[in-house]
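The values are calculated or read from the model by the stated rules, or taken from the named source; none is laboratory data. Keep in mind the model is a prediction, meaning the values are calculated, not measured. With ideal geometry, Cβ positions are generated from the backbone for all residues, glycine too; neighbour counts draw on all protein chains shown. SASA here: full protein model, heavy atoms, side chains in, ligands and nucleic acids out. Shrake-Rupley method; radii C 1.70, N 1.55, O 1.52, S 1.80 Å.
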There are 2 protein chains.
Amino acid sequence: MATLKELAKSLNVSISTVSKALNDAEDIGEETKRRVKELAETLDYKPNKFALGLKTKHSKSIGVILPDIQNPYFAEVLYGIEKAALEAGFDTLICVSNESYQQEVKSVRMLTENLVDGIIISIAKETLNLKDFQHLTNLKAKKIHLVQFDRVSPDLACDSVQIDDQESVKNATNQLIKSGKNKIALVSGLGSLNVAKNRIQGYKAALKENGISKNIKLLEVDGVDKTHVQFKNFIKQNTFDAVISIDNKSGIIFQNIMQHYFPERFKKVKIISFIHEKDALLTSPPLNFINQRGAEIGILSFNLLKQRITEKEKNKTIRKEKIIASINFQ
Amino acid sequence: MATLKELAKSLNVSISTVSKALNDAEDIGEETKRRVKELAETLDYKPNKFALGLKTKHSKSIGVILPDIQNPYFAEVLYGIEKAALEAGFDTLICVSNESYQQEVKSVRMLTENLVDGIIISIAKETLNLKDFQHLTNLKAKKIHLVQFDRVSPDLACDSVQIDDQESVKNATNQLIKSGKNKIALVSGLGSLNVAKNRIQGYKAALKENGISKNIKLLEVDGVDKTHVQFKNFIKQNTFDAVISIDNKSGIIFQNIMQHYFPERFKKVKIISFIHEKDALLTSPPLNFINQRGAEIGILSFNLLKQRITEKEKNKTIRKEKIIASINFQ
DNA sequence: CTGAAAGCGCTAACAA
DNA sequence: TTGTTAGCGCTTTCAG
């Protein structure tokens, strides 16, 4: 790897001249700049990140902490973040908390040691339950900016991006009602997450608006892996003409179980689910879906973070972006 | 963050003494070491990575390049790698190539600039087709070690870890045959990947061994997103009593389409699929699955890499690990 | 056994 | 307009 020193020697100028030329300093002659930049280009000069970090105390990189990389929604958000970060010339360090508080603390620590300029996080379930956010509030003192998405804690004073869960589910429910359904069940595999509460509220609000609150039917589980029997019993014991699934798996499972055990009843049921467009094609017929717009959320999160990183004046106003999900009936 | 300088001042010794004490150098008194370490502990001293990297030219970190983070198999391998790396005190930088050659080249470059000690990669489809591995062969000159997994190119002289695809599918096929099936179809969404070729070979080998080569039935597509119609036609036009899916989606889709359009025929068909245990529960009844043992592959890959990084004598022998998949009938 | 000093590659006063 | 220099935090050689 070429260094400033080598460039300087080749061009018979000083190291600082080269440095300044590459950084387009005011006080360097145009001709010199041209020569320096040309040689830098041909030698494929890249500044040494370690020297830079040591000097400047920041790294032009950001950290991302995801609760679960296996969830395609998070993977999609990550895609958006990386894309935006790459374009802006930032490296991205990715950590996965696996929903664990301890792991999240470790991740924050690792990112801090790597002098990231900011962190984008969706908080782990365990952390949310513990309500212990010290590892995150500490970041302010270290001048590391923080943006939350999706799993947003109101206790944290920082920018955030999320789907308007309540409004989105209310919309979806209303659409089902308009299409003639009035016995709508809701299935959740999200446990006690706030996200779940908001989505369920949206569902209830829609039923209430339409005067069918008595038809509320909820199936709530925490994780869907071993819940086939619960699903089957729920189907057996309840009548419904539509189902809303508010996580990324229960809709698929629900449809498949129903099709398998209750094929006749299934024909009259409309299911809509919070899943990725691609996963909607895993079932036959394909599932209707609520698009969480992960990539957009990722891009938006990065842009908020970048603004904080680059703005000189501290702007105290906290930005809370809410996106409405789009709803797709197949 | 505490620095050596601060420790030195507090203890009234020189910076170099502190440095040596923390690194357990031979020539420092036991008592001094104890005092230094104690203070370092209480002040939570962590060496500055940038200073270290600048000095030593390596970073105690590794890079991982995955073709697709949305594939739960890769996510699981990543989990294994991170776990092993964390225990060994290495940071992990993760890149996603999205199956793109250009992105892969960029990722290698980024990792190189970050002075990773080694890279674990599963090569992008596009790169494999282009057969252009220069960005990877270059790594040797930079003393960055390389380990491949899963998508292994024989053109690259480096350690590798993979499922024994041929043997694994042969096993699975034989088990189906033993259970009385003899019209076994194979479905692939993997396009022209080597992995697919090997798996198909295993399937053919098993049929041949059992004298039923005439029953070969293949459905090959590249990506499964918009192939419902192809799947349906295939089912309509062929008779089979079992199906092997060699990617992480086609099995699920196949079962669901069959259950939807051909429920009677479906009852007599046994399906086995290359998917994660959790995804096996997306369908009803659950899918039989071939366990690719992603976490183990991740751990093994990291351990190979770590050996290369830490060994002083260059060992020229290339290690090619092959793991046999386990097969789970539900 | 301990310390002084050089240097990794870079930036940014300050001098010329 | 360009160059000199100090210093970021660390390791390591060499001197004491």
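Structure data summary
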| item | result |
| --- | --- |
| Solvent exposure of the protein assembly as shown as accessible area per residue, Å², 1.4 Å probe | 46 |
| Förster radius 41 Å - calculated FRET efficiency between B:Asn138 and B:Arg34, Cβ distance, rounded to 0.05 | 0.35 |
| For segment B:220-262, residues shielded by at least 40 square angstrom of accessible area compared with the chain on its own, probe 1.4 Å | B:Asp225, B:His228, B:Lys249, B:Asn256, B:Gln259, B:His260 |
| Cut-off 15 Å (backbone N to label point 7 Å along Cα→Cβ of B:Ala88), residues of segment B:131-161 | B:144-149, B:159-161 |
| Across the identical copies, how the A:Asp44 labels are spaced - nm, sorted shortest first, 7 Å along Cα→Cβ | 4.1 |
| Antiparallel DSSP beta bridges within the protein assembly as shown, percent to nearest 5 | 10 |
| Exercise: per-residue mean of other protein chain Cβ atoms within 10 Å, A:42-53 | 4 |
| Computed lengthening from B:Asp44 to B:Asn182, 0.36 nm per intervening residue step minus Cα-Cα distance | 43.1 nm |
| Chains B and A, summed buried accessible surface - 1.4 Å probe, Å², nearest 100 | 4400 |
| Rg and Dmax [Cα atoms of the protein assembly as shown; Å; Rg one decimal, Dmax integer] | 27.9, 85 |
| Sulfur and carbon atoms: percent of accessible area, segment A:1-89 [1.4 Å] | 52 |
| Label point distance in nm, B:Thr310-A:Gln237, each placed 7 Å from Cα along Cα→Cβ | 5.4 |
| Solvent-accessible area, 1.4 Å probe, carbon plus sulfur percent, for segment B:165-291 | 47 |
| Those lysines that a straight Cα-Cα span of less than 16 Å connects to A:Lys178, excepting residues fewer than 8 apart in one chain | A:Lys170, A:Lys204, A:Lys208, A:Lys268, A:Lys270 |
| Value of [θ]222 nm, deg cm²/dmol, for the protein assembly as shown, DSSP H segments ≥ 4, -39500 (n - 2.57) each, nearest 500 | -14000 deg cm²/dmol |
| Ordering of A:6-17, A:166-177, B:255-266, A:244-255 by packing [mean C-beta count within 10 Å, highest first] | A:244-255, A:166-177, B:255-266, A:6-17 |
| Inter-centroid distance (Cα atoms) of segment B:77-108 relative to segment A:259-330, Å | 26 |
| Residues in segment A:63-84 that, when all protein chains are in place, have 30 Å² or more less accessible area than the chain alone would give (probe 1.4 Å) | A:Ile69, A:Gln70, A:Ala75, A:Tyr79, A:Glu82 |
| Among beta bridges that DSSP assigns inside segment A:174-330, antiparallel share in %, nearest 5 | 20 |
| Environment charge of B:Lys270, counting only residues whose C-beta is closer than 10 Å and scoring Lys/Arg +1, Asp/Glu -1 | +1 |
| Exercise: per-residue mean of other protein chain Cβ atoms within 10 Å, B:276-285 | 6 |
| Spin-label pair A:Glu6/B:Lys5, simplified geometry with 7 Å Cα→Cβ offset, distance in nm | 3.0 |
| Antiparallel DSSP beta bridges within chain A, percent to nearest 5 | 10 |
| Protection-proxy order for peptides A:279-287, B:47-55, each taking the mean of Cβ atoms within 10 Å per residue, highest first | A:279-287, B:47-55 |
| Modelled FRET efficiency - R0 35 Å, B:Ser153 with B:Ala295, Cβ distances, 0.05 increments | 0.90 |
| Segment A:165-291: Rg to Rh, with Rh as the Kirkwood radius over Cα pairs | 0.92 |
| Which of A:Tyr45, B:Tyr203 is most accessible, then next, and so on - probe 1.4 Å | A:Tyr45, B:Tyr203 |
| Spin-label proximity, A:His58 to segment A:102-138 - amide N less than 20 Å from point 7 Å beyond Cα toward beta carbon | A:108-121, A:136-138 |
| Paramagnetic reach from B:Leu130 in segment A:82-99 [backbone N under 14 Å; point 7 Å along Cα→Cβ] | none |
| Nm distances between copies for A:Asp225, ranked from closest, using label points 7 Å along Cα→Cβ | 2.9 |
| Exposure ranking of B:Leu39, A:Leu305 by accessible area [1.4 Å probe, largest first] | B:Leu39, A:Leu305 |
| Kirkwood hydrodynamic radius over Cα pairs of segment B:4-47, then Stokes diffusion coefficient at 25 °C and 0.890 mPa s, in µm²/s | 245 |
| Ascending list, in nanometres, of distances separating the A:Ser153 label from those of the other copies (7 Å, Cα toward Cβ) | 4.5 |
| Contour minus Cα-Cα distance for B:Ala25 and B:Asp222 (0.36 nm per residue) | 65.2 nm |
| Alpha-carbon gyration tensor eigenvalues x 5, square-rooted, for chain A, Å | 50, 20, 17 |
| Segment B:3-49-segment A:44-63 distance, computed between alpha-carbon centres (Å) | 27 |
